[in-house]
Amino acid sequence: MNIIIVGCGKVGDALADNLSKEGHNLTVVDTKVENVENISLKYDILGVTGNGASYNVLMEAGVEDADLMIAVTDSDEVNLLCCLIAKKRGNCKTIARVRNPIYNQEIGFLKEELGLAMVINPEFTAADEIARILRVPAAIEIDTFARGKMELLKFRLPEDNVLVGHPLMDITGHFKCNVLVCVVERGDEIIIPDGNFVLEAKDIISFVGDKKSTARFFKTIKIRTNQVRNAMIVGGGKTAYYLAQQLIYMGVRIKIIEKDRERCEQLNELLPEALVICADGTDREVLMEEGIEYTDAFIALTNMDEENIMLSFFARNHSKAKLVTKINKFDFGEVINQLDLGSTVSPKHLTARYIIKYVRGRQNSMGSNNIEALYKINDNKAEAVEFYIQNDSKVTGIPLMDMKTKSDVLIGGISRDGKIIIPRGHDMLLKGDSVIVVTSDMGLGNIEDIIAKN
Amino acid sequence: MNVAAIIYILGYVLTIEAAFMLLPCITAIIYGEKQGIAFLIVMLITLAVGTLFRRKKPKKTGYYAREGFLIVALSWIAMSAFGCLPFVINGDIPNFIDALFETVSGFTTTGASILSAVEPLAKCSLMWRSFTHWIGGMGVIVFLLAIIPLAGGQNIQLMRAESPGPSVGKLVPKIKETAMLLYKIYMVLTFVEMGLLIACRMPVFDSIAIAFGTAGTGGFGVRNSSCGEYTPLQQNVITVFLVLFGINFNMYYFIIAKKFKQAFNMEEVKVYLLIIICSVFIIGMNIMSHFPSGYEAFRTAAFQVGSIISTTGFSSADFNAWPWLSRSLLVAIMIVGACAGSTAGGIKVSRLIILLKGIKKEVYKIFHPRSVQCITLEGRPISEVVERTAFVFFGAYIMILLISFVVVAFNGYSSTTSLTAVIACISNIGPGLDLVGPMGNYGFFSVLTKSVLIFDMLAGRLEVFPMLLLIMPAAWRHSGDKGRRKGKIKDEFN
């Protein structure tokens, strides 16, 4: 596909990285010459310097032949204008990043009137993700499939857990839990395991199952799963606002610590149910006074990654709270993963992930199979993709044990007529199924791609 | 430094060179020449070495500007080293340094020859000589990028190092497609010229060789008189293509993409054509008395100007015998060269424009010290880096020219001979004036001089920086830091 990305910030960079690797023709537009030069030396893309909302610049970037235009500059207005012009001139699909909460309330109207294919709000998306994690605090990450019926959960195996030293087949055999482990991350390595794989302490395990069986699984291996009852948020930015809104709706008691007096007043006005504390959240005394020891969840959402990491460490030492850390710059992801920080959330990565999912979906809409959902898991080293099988093909109608799939591909779950099947060797795929495929081989576009060549 | 990646890509370059050697082999079969066996042997050797280098795929695929520049410089040296072997083996040019000079001259599209007569050479050797021009014109790395899937976006570093011009850009988002597009334009233009020359009743062998020479803006002929004995019509066809191959290939892309407004509004191309018209006019008037008619004088002037400004170096007349005004003007346009993004050498018209505008800017600054001015090229402002690099490039160019001039002067020939020999080599022209004029050759120089000129030719074709990087010790250290730290420790001891 011919794709234009306006804005080479963090999100633009992540998009360029992922989409250029997937073989799309990318043109990036930014007003700063250095930004454009840097990014076009890093990835195989074409750079255009200029204002992306200008008709001439967009023409130079080839908007006439573009299939998709993604506007991710820091200004909502510029993004919307870019999309409007691209839509009028090039008749392509458009995606805009809009982060101002005021526009966010009117998003339906904007989408309709400006003909946007997708509007993405990184802060809102991040808040959504955090809320989902807090619902099941045992997990580091939760992704949902099959309209929320199936879940992919990631958690770190504690040292004294009963599962340590057991091969995976014991989960169904010995522990009698109907879940399937898809990915194990051990150190730097990503493993797509089989039944004989033996678990070790500190492994990061991703598994699928329906809501009931995942809850049962956690209970069996004695990991606490209750939803959090109260949460402490440090930093009162947009993410904190969206998050507090959702958590209050879930019935969680919220405490927001924010430095800026004016912002505190605003938050108090917007969120009357939340307790807003005007203080420096990085002050040890403040945290202790506000009861960090007794909170169920601690969420570090300040604007500085280093501060967030420090805060989470502090919270880990002083409480048993579920930790969520916002990381903006994910360049050193592998180091951050080693830190045992609990869950990390990166708005930039989430945004890129949502857009990539859309792009894959667009690309495949002509094919017989559709991508319903796509999640990057384990620091972008593996993917979980949900395919909807529209037609019979070479993957349907044969038992899974007879299917020769690629070695790094695993079928994690099947959703058929509203029921969730955790697939075993004798199960087969049928027309109308939604299938979850977990793979470390990026860029599956079609369910048939899972078959090994020759 | 990513040594594994450098070796891997070198392996590909050699494999491709082996494939290119099929052409002289085929020529030898057609003409039934036993000298062709040399090409077959060298082809197999090159293929073997290339395959050996290619055996291990590097684990780390990423590389940066340093590796990019090194890969390109080393590729060109390796290609020349293997490319000259057939001449040595089949006895056409028995001396290794001579053969290397001839091959480097071919790949860098210089066209400077150590041979006093080319007609005694085997047809297959002549074909290889001309074909090296065609390979070197657009560049073998660009060819590599067009056909093999090298992972990662850093490949732009390779293209930047090999393609001429102050700032190298892509035509389309993907580097592979850009490279493919460039080669398509290159091939189509070459075949059109070949066809036209054959239609003008030039012998087929000559047409192919001359088309290769023109396309790469090389200048090796297959006749002793270069292009002197071809008919006026054939010469005119060559003249047109000489000028065409000196034009920035972006223009052809714009024409293909139907962006005519952009295509015919390129500042660089306009200046380039203006220089040609002025030069032809002045030289034509100047040499009027040497020719029977005014038409003939201007026709010859046009051929020569086209040949020199595109840095090809074909000759249809002995311009060494022309008045000094014409000769000096030719030397001046030798240094200028043609457009960036073409197959030509020299400092390039776009750099000339940047230099002139930069000088004007600095002079203005004396009047208005606080004035802020931005230099524009093709109607858009260029970054400070591009401007600075253009000046540094020009400085380095002149430095290399001066040093080489002094070294060559040790031979004791006239300063015209020494200076124009160096200019003709570094600007990738071929013939200079006096002893190295269109009727002369480079055979009489000492081995040292030939080696210096070989360096000059490569430096000229690769635009100085890759070759300078090659002779910098820092480029070979594992990382720039380490050496510095070592030096520090030593200082402390002292």
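The values are calculated or read from the model by the stated rules, or taken from the named source; none is laboratory data. Here the structure is a predicted model, which is why all the values come from computation and not from measurement. Using ideal geometry, Cβ is built from the backbone for each residue, glycine included, and neighbour counts are taken over all protein chains shown.
Would you be able to say whether some residue in segment A:194-204 is closer than 21 Å to A:I130 by Cα and either in the same structural domain as A:E141 (by TED's automatic domain parsing) or outside any strand (DSSP E or B) (or both)? Yes, the conditions are met somewhere in segment A:194-204. Within segment A:211-232, the residues that satisfy the criterion of being touching a helix residue (DSSP H, G or I) at 6+ places or on another chain (Cβ under 8 Å) and buried (at least 18 other Cβ atoms within 10 Å of the Cβ) are A:F217, A:V228, A:A231, A:M232. Counting only residues that are modelled with pLDDT of 85 or more and out of contact with any Leu (no Cβ under 7 Å at 6 or more places or on another chain), segment A:120-132 holds 5 of them.
Residue selection: A:L301 fails the criterion of being surrounded by 15 or more Cβ atoms within 10 Å (Cβ to Cβ), closer than 21 Å to A:G237 by Cα and over 20 Å from the mean Cα position of the chain (by Cα).
Scanning segment A:419-447 for residues that are touching a strand residue (DSSP E or B) at 6+ places or on another chain (Cβ under 7 Å) and in contact (Cβ under 8 Å) with a residue 60 or more places away in the chain yields a count of 12. Within segment B:262-283, the residues that satisfy the criterion of being in a helix (DSSP H, G or I) and farther than 18 Å from B:L242 by Cα are B:Q262, B:A263, B:E267, B:I282.
With at positive phi and either within 14 Å of chain A (Cβ to nearest Cβ) or under 20 Å from the mean Cα position of the chain (by Cα) (or both) as the only criterion, which of B:G219, B:G169, B:G136, B:G213 stands out?
Every option except B:G219 fails the conditions.
Could you look through segment A:30-43, keep only residues that are at pLDDT 85 or above and closer than 24 Å to A:R360 by Cα, and pick out the one that is farthest from the other protein chains (Cβ to nearest Cβ)? Among residues in segment A:30-43 that are at pLDDT 85 or above and closer than 24 Å to A:R360 by Cα, the one farthest from the other protein chains (Cβ to nearest Cβ) is A:I39.
A residue that is at pLDDT 90 or above and at positive phi occurs nowhere in segment B:174-183. Looking across B:S316, B:S326, one residue alone is under 29 Å from B:E229 (Cβ atoms) and either within 23 Å of the chain's Cα centre (by Cα) or touching a residue at least 60 places away in the same chain (Cβ under 8 Å) (or both). It is B:S316.
Quick check: anything in segment A:88-100 touching a Pro at 6+ places or on another chain (Cβ under 9 Å), in contact (Cβ under 8 Å) with a residue 12 or more places away in the chain and within 14 Å of chain B (Cβ to nearest Cβ)?
Scanning segment A:88-100, I find no residue that is touching a Pro at 6+ places or on another chain (Cβ under 9 Å), in contact (Cβ under 8 Å) with a residue 12 or more places away in the chain and within 14 Å of chain B (Cβ to nearest Cβ), so the answer is no.
Just wondering, is there one or more residues in segment A:135-146 that are outside the structural domain of A:V252 (by TED's automatic domain parsing) and modelled with pLDDT of 85 or more?
no
Counting the residues of segment A:1-22 that are in contact (Cβ under 8 Å) with a residue 60 or more places away in the chain and either at positive phi or more than 10 Å from every other protein chain (Cβ to nearest Cβ) (or both) gives 13. Residues in segment A:268-291 that are surrounded by 22 or more Cβ atoms within 10 Å (Cβ to Cβ) and either of a type in the set (A, V, I, L, M) or farther than 12 Å from A:I233 by Cβ (or both): A:A274, A:V276, A:L287. Going by what's in this entry, would A:N337 be described as in the same structural domain as A:I254 (by TED's automatic domain parsing) and either in a strand (DSSP E or B) or in contact with a strand residue (DSSP E or B) (Cβ under 9 Å, 6 or more places away or on another chain) (or both)? Yes; evaluated as a whole, the condition is true for this residue. For segment B:411-449, filtered to residues that are part of a loop (DSSP other than H, G, I, E, B), touching a Ser or Thr at 6+ places or on another chain (Cβ under 6 Å) and of a type in the set (A, V, I, L, M), the residue that is farthest from B:F465 (Cα to Cα) is B:L433.
Which of the residues that make up segment B:46-71 are at pLDDT 90 or above, β-branched (V, I, T) and surrounded by 15 or more Cβ atoms within 10 Å (Cβ to Cβ)? Once the filter is applied, which keeps residues that are at pLDDT 90 or above, β-branched (V, I, T) and surrounded by 15 or more Cβ atoms within 10 Å (Cβ to Cβ), segment B:46-71 yields B:T46, B:V49.
Filtering A:T49, A:T27 for residues that are in contact with a Lys or Arg (Cβ under 8 Å, 6 or more places away or on another chain) and either crowded, with 19+ Cβ neighbours inside 10 Å or more than 10 Å from chain B (Cβ to nearest Cβ) (or both) leaves a single hit, A:T49. Here B:T109 passes the criteria (1) outside any helix (DSSP H, G or I); (2) on the phi < 0 side of the Ramachandran plot; (3) among the β-branched types (V, I, T) except the one numbered (2).
Meeting the requirement of 3 or more residues that are under 18 Å from A:N2 (Cβ atoms) and at pLDDT below 90, the helices (runs of 4 or more DSSP H) wholly within segment A:64-117 are A:76-90.
Can you tell me how many residues within segment A:198-256 are free of Cβ contacts under 8 Å to residues at least 12 places away in the same chain and charged (D, E, K, R)? Final tally of qualifying residues: 2. Of all the criteria given as (1) crowded, with 21+ Cβ neighbours inside 10 Å; (2) free of Cβ contacts under 8 Å to residues at least 24 places away in the same chain, the one not satisfied by A:C182 is (2).
Answer yes or no: is there a residue in segment B:281-297 that is buried (at least 19 other Cβ atoms within 10 Å of the Cβ), of a type in the set (S, T, N, Q) and in contact (Cβ under 8 Å) with a residue 12 or more places away in the chain. Within segment B:281-297, none of the residues are buried (at least 19 other Cβ atoms within 10 Å of the Cβ), of a type in the set (S, T, N, Q) and in contact (Cβ under 8 Å) with a residue 12 or more places away in the chain.
This table checks each residue for (1) surrounded by 19 or more Cβ atoms within 10 Å (Cβ to Cβ); (2) on the phi > 0 side of the Ramachandran plot; (3) without any contact (Cβ under 8 Å) to a residue 40 or more places away in the chain.
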| position | (1), (2), (3) |
| --- | --- |
| B:R388 | no, no, yes |
| B:N411 | no, no, yes |
| B:V422 | yes, no, yes |
| B:I429 | yes, no, no |
| B:P438 | yes, no, no |
| B:Y442 | yes, no, no |
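Of the residues making up segment B:175-191, those that are within 11 Å of another protein chain (Cβ to nearest Cβ) and surrounded by fewer than 21 Cβ atoms within 10 Å (Cβ to Cβ) are B:K176, B:E177.
In segment B:35-53, the count of residues that are polar (S, T, N, Q) and free of Cβ contacts under 8 Å to residues at least 60 places away in the same chain is one or more.
Note on segment A:209-316: enclosed helices (runs of 4 or more DSSP H) holding 2 or more residues that are over 25 Å from A:K154 (Cβ atoms) are A:238-250, A:261-270, A:284-289.
With respect to B:G379, determine if the residue is touching a residue at least 24 places away in the same chain (Cβ under 8 Å), over 23 Å from the mean Cα position of the chain (by Cα) and farther than 21 Å from B:G284 by Cβ. For B:G379, the condition - touching a residue at least 24 places away in the same chain (Cβ under 8 Å), over 23 Å from the mean Cα position of the chain (by Cα) and farther than 21 Å from B:G284 by Cβ - is met.
When you look at B:A112, is it free of Cβ contacts under 8 Å to residues at least 40 places away in the same chain, buried (at least 21 other Cβ atoms within 10 Å of the Cβ) and under 24 Å from B:D434 (Cα atoms), yes or no? Against the criterion (free of Cβ contacts under 8 Å to residues at least 40 places away in the same chain, buried (at least 21 other Cβ atoms within 10 Å of the Cβ) and under 24 Å from B:D434 (Cα atoms)), B:A112 does not qualify.
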